[in-house]
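Student: The following block contains the structure, expressed as structure tokens.
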Amino acid sequence: APPAEEERTLTVHLNPPKIDGAILLRLVSLGDGAPIAGAQVIAVSDDPPDFAQLTSDSTGRARVPSGPNFSYVITAPNHTALELPAFPLNAPAFQNVEMVPFTRVFGRIDASRHGQGSVDLVQSMPGDAPVHTRGQRVLGSSDIQLDGTWEIGGLVPESGSDRISGLEVQLIVGGTRRSIVEGLSLQAGDSVEIFDRAIPQGSITVEFL
């Protein structure tokens, strides 16, 4: 007679416990979800004193020590630095961490027509704020390269906001300013290319990539 069927139970641990007091972080870029390679992760514990510095691999992963007194500082190219508190004792062994990419504005100027100047990204200031230049403050500047290209990056929205509004791109050549584009609003992580109206591509075009 054939043997009686045995009842078997398969257990799948979706949130496995931490191994050897470590947590595996996977660092990804907010928006497209691309893994961030080469990010620096610093883990610090005050009690007991402990310190570790790690680098994420090509898949964005880094295994960090964990404990109730650990905190973490994560820096990555073209992304806003991130601070993380200690993970709870019952936290899953795998943590997906999203990092906000820098916002940037870039473009090309007809250098043969305008000369080698610079570009300012300015923001209109509210009426009760300190006035710098015509009620505006400069968020970033870029010299115009020989091929006419320029780029202003590393833009971060103010705390509690995910947008930078009231922006104007200004060209400065020989002490004279002129506006390239006005009323620009950027969301965290935007990469915006602006074409100068003087270049034969037509009127101003703003492309959100």
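The values are calculated or read from the model by the stated rules, or taken from the named source; none is laboratory data. A quick note: this is a predicted structure, and the numbers were derived from the prediction, not measured. Cβ sites come from the backbone with ideal geometry, for glycine too, and all protein chains shown count toward neighbours. Only protein heavy atoms, including side chains, enter the accessible area calculation; ligands, DNA and RNA are left aside. Shrake-Rupley method; radii C 1.70, N 1.55, O 1.52, S 1.80 Å.
Student: Hey, can you rank 34-40, 52-58 by average C-beta count inside 10 Å, highest first? Intermediate results must be reported in sequence, preceding the final value.
Tutor: On the way: 34-40: 16.6, 52-58: 14.3.
Per-residue Cβ counts within 10 Å, averaged per peptide and sorted highest first, yield 34-40, 52-58.
Student: Leaving ligands, DNA and RNA out of it, rank ASP46, ASP110, ASP147 by accessible area with a 1.4 Å probe, largest first. It would help to have the intermediate numbers written out before the result.
Tutor: Values: ASP46 125, ASP110 35, ASP147 95 Å².
Putting ASP46, ASP110, ASP147 in descending order of accessible area: ASP46, ASP147, ASP110.
Student: Let me ask you something else. Can you check what the net charge comes to around ILE36, using other residues whose Cβ is under 12 Å from the Cβ of ILE36 (Lys, Arg +1; Asp, Glu -1)?
Tutor: Values: positive: ARG26, ARG61; negative: ASP32, ASP57, GLU98.
Within the 12 Å Cβ shell, the charges total -1.
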